[in-house]
Structures are given as structure tokens and as C-alpha cells.
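Quick notes on the structure that follows.
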Amino acid sequence: MADFALTAEQKEFRKWVHDFAEKEIRPVASEYDETEEFPWPVLKKAAEIGLYAFDFYMQVGQDDSGLMMPIALEESAWGCAGITLGIFGTGLPLAALAASGTAEQTLAWAPKMFGTPEQPALGAFCVTEANAGSDVSALRTTAKRERDGWLINGTKIFITNGGIADVHVVVATVDPHLGHRGQATFVVDKGTPGLRQGKKEKKLGIRASHTAEVVFEDCWIPGENLIGGEEKLQAKLERARSGQSSGKSGALSTFEATRPSVAAQAVGIAQASWEYARDYAKERTTFGRPIIEHQGVAFQLADMAMETEAARLLTWRAAWMARTGQPFVHAEGSMSKLKAGEVAVKVSEQAVQLLGGYGYIKDFPVEKWYRDSKIYTLFEGTSEIQRLVISRALAAE
């Protein structure tokens, strides 16, 4: 059984990230929410202290408990979820590269995703299309062999860091007759002819995070940019053509592995929301006493804190299971993401309610947290998809 008591090192790590969020992220959160610009200055500060670096992921990956990454994401999102996605959004393409790439490919391209403290870079994971979100078998972006390489054509949408990333990790169809089994993953470097940014999206929340279309028009890349290599791809395609199982989609496997990380960000929003509501309730008076002394408010705060803690424990358990090689028999990764996402929406909404009219105006941060929270029930698998995954896992027992 996992012991979730934090070690002295983990507590120090948690404080380190929390202090950064308190001093560098939260003070500028409203500014970037308003302008919708990418928070390059904050990213640079994160790189300077080692919070944004390939080495950071290497260090966190050596944590036997699996808790350091969710701790970092929660504390950062406590400051601002949009800026957190700016700092940690590169972790998704990194996970895809590390899961399917060779050691040589990972060592060659992973550092390019982060750049240097003086000049930080970004990575982007390009999967979603206009008619292919959760249904990755419907992807229409193609990769065809040409001149000892691959020619990519198609449009991806809703891509975090799309178009401004130095490294785009792209899922494309190489054999349309095989559905998701006929897909492969490629690396496309910034500046490659035929790669361009399309429309940048204007969003309800997480507005500091850059979200855009990525367009590939006769975009040629060398053969070495096929993640995993030609031999691995051919073996996968042969299994699929012969009717053998070729395993899960690479994109789905990546999302499954990163769901506890998404959940942790949602927990950060919930934590920030109930803390602020509690502090407000201690200061705001009605009928001669602080509103926290009114049972209706006190009970609501109790529920907000309880639900946040429940979401955190589900998240930590899923992260621990993933790190220690425990299978998600009951779709525990999906459980954590589903619970945390819906808790973030509910708790931030309750915070708005507790603040009354003040909760509805931009002078107070709870309205932003409410807007930010909604995405956590949508991206990397909607709440409905998480319930589908969980129910299928239960039915398979």
C-alpha cells in the first residue's frame, strides 16, 4: 500500500514550487489572462531556477513515489493554470517522445524542446483534428513516404504551443485502412518548410496558454524523424494487417499516462478557490459576525475542502501506480482526471457564489479560476470519455 506521507525532500520541493507560484506566477496571472500573450518572462524565470528544463523531468522521473510531478503541477496551477500550461505544456510531447522514441531520439530532441535558460524553447503534441478529438482513429492528417523521408499533410487544432514550438510531435496516418493501428508519430522541427501556425484560439480560460491550429502543407521531414524508427513501425503495421492486436494508439497511451498530471492542475485550481473563499468568509461580516460562522457557509467550505482532498488523493494514487508499474485495472488515471476536473469546476463555482457579486468581477481572482477550471473537464479526454474508459475497465473484469 502506498504511503503518501511526504518526505522532507518532497516538502522542500513543494515549498520551492509554491514560492515560485506565489512570487512569480500569481502576481501576473490577471495580466496574461487579459492580454492572452504567452508568458515568456515567467517561463524564462522558471528555466533560470531549473523548474523548466529537460533535467527537471529527469530528476522528477527518478522519484520512486511518483508524487513530485503532481505536486509541482498543483502548486504551479495554484498560481495560474494558464501560465502552468505555458511552463509544463512541453511535458506532453516529451512524454510521447519518451514513450515511443529510441533512446537516441529522446536525447537528440528532448533538449531542443526546452532550449536554454537564456533562450527557452517549447514543444507541442499535435493530435486533435476538427473531426477527430477523442476518436483518434478518425485522424486525417497523412504521412506518405517520399525521398527517403515523409511528406505530411493535414491540419491539427487546439494544439498547446502549436506553431510557436521549436519541436512539434505529430501523430499522422500512414495506412488509412488500419485506423489507429495505421498511425505513426513524427518530429517536425521549427522552420521546416510546409509547417505553419494557423488560427490562434481565443478562449474562455487558461488564456495565458497558447492554443492554435498547426497546418502541414507538403511538409517533408527526413526518415530519422519517425519516432521509434522504421523497423518498429513495420512490425506494428504487419501485426495490424495480419489481424493481431497492435496495442493501444500511441496518442491514447500518452494521454492515459499524463491524466494524473492533468488532474493535479485541476486540484491546484480547487485548492486556490477554497482557500480564497475561506479567507474571505473569515473577513466578510453579516448580521454582526463573519460569514464563516454561519452554518450554511461553513458547511459549504467543509465540502469544498473535502472534495479537493479526495481529488488530490485519487491523483496521487494514480501517479504512484503509474510510477511503480501498477496497472490501471479500474482506469485509475481516468478516475483521477474525471474527479479532479469536476471538483475544480464545482469548487471554483462555489467560491464565486460565496463571494457574491465580488466573485463575479475581475477584481477578485475566483472568476478567473472558475473560467480556467472548465477546460479540465474537456481536454485530454472529456468527462464523458473518462466515464466510458472507466466503465469499460469495470466491464472487462
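The values are calculated or read from the model by the stated rules, or taken from the named source; none is laboratory data. The model shown is predicted, which means the values in this text are computed figures rather than measured ones. When we count neighbours, we look across all protein chains shown, and the Cβ atoms used for this are built from the backbone with ideal geometry, even at glycine.
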Test result for R26, basic (K, R), over 16 Å from G205 (Cα atoms), more than 17 Å from the chain's Cα centre (by Cα) and not assigned by TED's automatic domain parsing to the domain that holds K202 = no
task = Considering each residue of segment 183-197, count those that are of a type outside the set (A, V, I, L, M) and closer than 16 Å to F125 by Cβ, and give that number.
result = 6
query = Within segment 343-363, is there a residue that is surrounded by fewer than 19 Cβ atoms within 10 Å (Cβ to Cβ), part of a loop (DSSP other than H, G, I, E, B) and of a type in the set (K, R)?
reply = yes
query = Can you name the residue in segment 1-45 that is touching a Ser or Thr at 6+ places or on another chain (Cβ under 9 Å) and of a type in the set (G, A, S) and, of all such residues, is farthest from E75 (Cα to Cα)?
reply = A2
ask   = From the residues in segment 255-270 that are polar (S, T, N, Q) and surrounded by 24 or more Cβ atoms within 10 Å (Cβ to Cβ), which one is modelled with the highest pLDDT?
value = Q265
request  = Give segment 101-160 a look and list any residue that's part of a helix (DSSP H, G or I), more than 16 Å from Q183 (Cβ to Cβ) and out of contact with any Ser or Thr (no Cβ under 8 Å at 6 or more places or on another chain), or say none.
outcome  = A103, E104, Q105, T106, L107, A108, W109, A110, P111, K112
request  = Assess whether L43 counts as being at pLDDT 95 or above, within 30 Å of N225 (Cβ to Cβ) and under 15 Å from the mean Cα position of the chain (by Cα).
outcome  = no
ask   = Name the pairs whose Cβ atoms lie under 8 Å apart, with the first residue in segment 218-229 and under 11 Å from K144 (Cβ atoms), the second modelled with pLDDT under 95 and in a loop (DSSP other than H, G, I, E, B), and 6 or more positions between them or separate chains?
value = W220/R147
note = By residue number, the members of segment 183-230 that are outside any strand (DSSP E or B), small (G, A, S), touching an Asp or Glu at 6+ places or on another chain (Cβ under 7 Å) and surrounded by fewer than 16 Cβ atoms within 10 Å (Cβ to Cβ) are G194, G223
inquiry  = Being touching a residue at least 24 places away in the same chain (Cβ under 8 Å) and closer than 19 Å to G79 by Cβ is the requirement here; does R371 meet it?
reply    = yes
request  = Given the conditions (1) at pLDDT 95 or above; (2) in contact with a helix residue (DSSP H, G or I) (Cβ under 6 Å, 6 or more places away or on another chain); (3) among the small types (G, A, S), report the number of the one that G91 does not fulfil.
outcome  = (2)
remark   = Taking segment 270-306 and the residues there that are among the hydroxyl-bearing types (S, T, Y) and assigned to a helix (DSSP H, G or I), the one that is nearest to the chain's Cα centre (by Cα) would be S273
key: R284 farther than 23 Å from D63 by Cβ, modelled with pLDDT of 95 or more, surrounded by fewer than 20 Cβ atoms within 10 Å (Cβ to Cβ) and in contact with a strand residue (DSSP E or B) (Cβ under 8 Å, 6 or more places away or on another chain)   = yes
message = If T35 satisfies all but one of (1) in contact with a helix residue (DSSP H, G or I) (Cβ under 9 Å, 6 or more places away or on another chain); (2) of a type in the set (S, T, N, Q); (3) closer than 29 Å to F364 by Cα, what's the number of the condition it fails?
response = (1)
task = Kindly indicate the residue of segment 83-108 that is surrounded by fewer than 22 Cβ atoms within 10 Å (Cβ to Cβ) and of a type in the set (A, V, I, L, M, F, W, C) and also farthest from I164 (Cα to Cα) among those meeting that condition.
result = A103
